[in-house]
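The values are calculated or read from the model by the stated rules, or taken from the named source; none is laboratory data. In this text the structure is predicted, and so the values were computed from the model without any measurement. Positions of Cβ are generated from backbone atoms using ideal geometry, with glycine treated the same way; all protein chains shown enter the neighbour counts. Side chains are part of the model used for accessible areas, which takes the heavy atoms of the whole protein and leaves out ligands, DNA and RNA. Shrake-Rupley method; radii C 1.70, N 1.55, O 1.52, S 1.80 Å.
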Amino acid sequence: MKRLLVILVFVLFVVGTLTVHSFYIFLSPPPPAEPEAKIVRIQPGMGLRPIARVLTEEGIIQDPTKFMLLAWWKGVGKKIQWGDFEINTGPPPLTVLDYLISGKTLLKRVTIPEGFTLKQIAERLAHENLAAADDFLVRARDRAWLTELGVSGNSLEGFLFPDTYIFHRGMPVQAMQKRMVGRFKEVYQRCRSKGAAEVPQNLNLNQMVTLASIVEKETGLAGERPLIASVFYNRLRQGMALQSDPTVIYGIKDFNGDLTKKDLQRPTPYNTYVIPGLPPGPIANPGEEALRAVLYPANTDYLYFVSKNNGSHYFSRNLGEHNRAVVRYQLRGHQN
């Protein structure tokens, strides 16, 4: 019996020594001959086991079970951050664990220009490897998600504020959209707080953003936007069709860049040559100047405007004056 006990103690000692030695080797692996940078994506809500498996598959750690035991021993299993991490193969597991806890994910700066459509934003984010375009579009049209964000209408079109953002690679599209909508609300409230008691003609928020998006697409000159807005308000007041080319273009699937007379006559929900009043929703995502223009339009009696082919427009009060301007600036090709 005593001999058996000695053997048992010896076996336990050997096993313990081997285990400690094995764990020591795990904690202090020899550096690889040629370290390789790996991009590891930790998804939101990802558990410790799948995280350890991903790290093992990428060759960053050698033993997922020991990595999980290490995280448990340090009490940090639930402190690992989500996102894309760039990690070289071969660092000690403690270093890997500390890095994942630090949240030092790969960041990407992306600029969304004023007047970009929802589709263009999705394509820009896909180009920057920040989101799958289809996933972004599907989420942006999800009714339950729109309700959660407090956005009326059929999509987030118009409510994704154009700005420069810094996103984590691997960031869920919901988080990106929430930040962009939050930025829109922040800017809109700032615009409203500077004197607008109420939106002209009692437009609701979706209608106001729709009009701002049209103003955004009609001109690139900030100084003209209040004038453009006044034209559309005057037309709405008189029951005239808005006759905005950008709305027609928005309603054409796969527009080829050539707007024809047939296009202007084709009935779509966005063809403001055919439908009365505003289209059903925004046609782009307006910037701050366009939002200000519809909140504080110029006080004019203009009903028409035509491009002068130099980036600016000529504004007219009646059809006769407008037709003369069309001949001068469009048909004769003059520039002033």
Considering only protein heavy atoms, what is the solvent-accessible area of Arg190 at a probe of 1.4 Å, reported in Å² to the nearest 10?
80
With each run of n ≥ 4 DSSP H residues scored as -39500 (n - 2.57), what mean residue ellipticity at 222 nm is computed for the chain after dividing by its residue count and rounding to the nearest 500 deg cm²/dmol?
-14000 deg cm²/dmol
Taking the Cα centroid of region 76-96 and of region 257-336, what is the distance between the two, rounded to the nearest whole Å?
55
Could you compute how much accessible surface Thr260 exposes when probed at 1.4 Å, giving the result in Å² to the nearest 10?
50
Rg and Dmax of region 105-258, Cα atoms, in Å?
16.5, 55
Could you work out the relative contact order of the chain, using alpha carbon pairs under 8 angstrom and six or more residues apart, expressed as a whole percent?
14
Give a residue-ordered list of calculated ³J(HN,Hα) values for region 279-285 (Karplus: 6.51 cos²θ - 1.76 cosθ + 1.60, θ = phi - 60°; whole Hz; x for Gly, Pro).
x, x, x, x, 10, 5, 10
Output ³J(HN,Hα) for region 45-51: one whole-Hz value per residue in order, computed from phi by the Karplus curve 6.51 cos²θ - 1.76 cosθ + 1.60 with θ = phi - 60°, and x for Gly and Pro.
x, 6, x, 5, 4, x, 5
If I take the Cα coordinates of the chain and project them onto the principal axes, what are the three extents in Å, biggest first?
116, 41, 34
Suppose the chain between Asp134 and Glu36 were pulled fully straight at 0.36 nm per residue; how much longer would it get relative to their current alpha carbon spacing?
32.1 nm
Name the lysines eligible as straight-distance cross-link partners of Lys38: C-alpha to C-alpha under 22 Å, and not fewer than 8 places from it in the same chain.
Lys66, Lys79, Lys104, Lys108
What are the lysines whose alpha-carbon lies under 17 Å from the alpha-carbon of Lys261, with same-chain residues fewer than 8 places away excluded?
Lys253
I'd like the trypsin sites (Lys or Arg not before Pro) in region 257-315 restricted to DSSP loop residues with at most 16 other Cβ atoms within 10 Å, sorted by number.
Lys308
Not counting the cut sites, what is the longest span of the chain without GluC sites (Glu not before Pro) that DSSP labels loop and that have at most 13 other Cβ atoms within 10 Å?
37-197
Whole percent per 5 Å bin, from 0 to the bin with the longest distance: what is P(r) over all C-alpha pairs of region 241-325?
3, 12, 16, 22, 25, 16, 5, 0
Over the Cα atoms of region 100-156, compute the convex hull volume and normalise it per residue, giving Å³.
126
Accessible area per residue, 1.4 Å probe, Å², for the chain: what's the number?
55
On the formula 1/(1 + (r/R0)^6), with r taken between the Cβ atoms of Lys104 and Leu331 and R0 of 35 Å, the FRET efficiency rounded to 0.05 is 0.05
